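A.B. asks: Please find one structure pasted underneath; my questions will follow.
Read-outs throughout are calculated quantities, based only on the coordinates presented, and are distinct from any laboratory measurement. Note that the structure is predicted; figures quoted are calculated from it, not measured. Cβ atoms come from the backbone with ideal geometry, glycine included; neighbour counts cover every protein chain shown.
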Amino acid sequence: MTAPREVDQGGLEAVSTVDRVPSLTGVRAVAALLVVATHAAYTTGKYTHGYAGLLFSRMEMGVPIFFVLSGYLLFGPWVKAVAAGAPWPSVRRYAWHRVRRIMPAYVITVLVAYLIYHFREAGPNPGHGWYGLFRNLTLTQIYTDAYMFSYLHQGLTQMWSLAVEVAFYVALPIMAYLLLVVVCRRRWRPVPLLAGLVGLTLISPAWMVYVHTATHLPDGARLWLPGYLAWFTGGMILTVLAAMGVRCYWFIAAPLAVVCYFIASTPVAGEPTTSPSGLAQAVVKTLFYMAIATLVVAPPALGDQGWYERFLASRPMVWLGEISYEIFLVHLVLMEIAMVEVLHWRVYTGSMPVLFVVTLALSIPAAWLLHRLTRVRS
């Protein structure tokens, strides 16, 4: 049996021609726009504006949406192989495609950022050194104590999430083996498989308890994969449900996602920061983000054909989704340049919508060019 060849993709998850769903590419566009929006809100000082600030900060929801998509799309080949009694996917091929998809554009972005900030002063930049360059290039910058004061680099602060994504890539074949071979005995047994995925999901709140109570862990441990595994397992659960023929409709998922978003935008999910300082808030935020991101992805992943799916599958959304990964990579460098050189604003001042639009105006052409240079071809 010959697997379909991979084609030019946007986002992080290259999928085969046969399996590709345009609306899921559109979801990547939504995720990228949310990430740019939340950073525009932070840069213009909107996080401190009460409940509105929390609403803006929770637009970081783009990151868990990316993670849910990764869990759904990348776990799919293993689930389909077991469900169809087909050969097990090649781990070597999987690993090569992961490296080929993310590293060329990422390496170029990191090198350009280091070059720009070698000549440009933009405040504290602790990661700007040869060892910081090495740690950022290898996506190992989060595996340290005092990450914020050691390897954080201007224009690359969002890359902690890419380091988590890569850790998931490494762990996925192991998790697939445990779930599908050890638990399911290489047979299609969706109930034990879902139970195993629920067990993996519980690792995230357990990790939150651990990092908030242990004294021997580096502070970077709050950014490690176990704390965000629930977001990936949300997508993995969708993969199993899709193979079972389950359907999810936008008129159910969308209102639930909105309600969860407004709840998560209260202090119950902590202050407007990546990792809330309180244990209860960290657990609530992790689980609500999993629910919201999974609800956003569920309708197109589970076969809905309503207006929501048609909007996500529209040409503009698919086109933006194609370059969503590259937008994610370049937008912070260009946002800082937009603030200082184009808008002439000081940090934590100015209009969030204006900065959002100007940043996109700079980022989209740069992302398109980077995508053209590094895209995966047939």
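A.B. asks: Can you list, largest first and rounded to whole Å, the semi-axes you get for region 74-114 by taking the square root of 5 times each eigenvalue of its Cα gyration tensor?
C.D. replies: 32, 9, 4
A.B. asks: Here is a further query. Cα atoms only: what Rg and Dmax, in Å, come out for region 156-255?
C.D. replies: Rg, Dmax (Cα atoms, Å): 15.7, 47.
A.B. asks: Taking the number of other C-beta atoms within 10 Å as the exposure measure, put ILE237, ILE102, ILE203 in order starting with the fewest.
C.D. replies: Starting with the residue having the fewest Cβ neighbours, the order is ILE203, ILE102, ILE237.
A.B. asks: Can you sort HIS216, HIS153 by how many other beta carbons sit within 10 Å, fewest first? Write down the numbers at each step before the final one.
C.D. replies: Details: HIS216 5, HIS153 22.
Result, fewest neighbours first: HIS216, HIS153.
A.B. asks: Order of TRP88, TRP160, TRP307 from fewest to most other C-beta atoms within 10 Å? Present the calculation step by step, with values, prior to reporting the outcome.
C.D. replies: Numbers: TRP88 15, TRP160 22, TRP307 10.
Exposure proxy ranking, most exposed first: TRP307, TRP88, TRP160.
A.B. asks: Under 1.5 on a/c is rounded, so check that first for region 45-127, then, if it is not, pick prolate when a/b is larger than b/c and oblate when it is not; a ≥ b ≥ c are the square roots of the alpha carbon gyration tensor eigenvalues.
C.D. replies: Here region 45-127 falls in the oblate category.
A.B. asks: So if I take the alpha carbon set of region 22-374, get Rg, then get Rh from the Kirkwood formula, what is the Rg over Rh ratio? Walk me through the numbers before you get to the answer.
C.D. replies: Values: Rg = 19.9 Å, Rh = 20.9 Å.
For region 22-374, the value is 0.95.
A.B. asks: Could you work out [θ]222 nm for the chain from helices alone, using -39500 (n - 2.57) per DSSP H run of at least four and dividing by all its residues? Round to the nearest 500 deg cm²/dmol.
C.D. replies: -21000 deg cm²/dmol
A.B. asks: Next question, about the same structure. For region 280-378, take every pair of Cα atoms, bin their distances at 10 Å starting from 0, and report each bin as a whole percent.
C.D. replies: 13, 28, 33, 24, 3
A.B. asks: Output the Cα-based Rg and Dmax of region 9-160 in Å, rounding Rg to one decimal and Dmax to a whole number.
C.D. replies: For region 9-160, the Cα-based Rg and Dmax read 18.5, 58 Å.
A.B. asks: Roughly how far apart, in whole Å, are the Cα centres of region 278-315 and region 126-152?
C.D. replies: 31 Å
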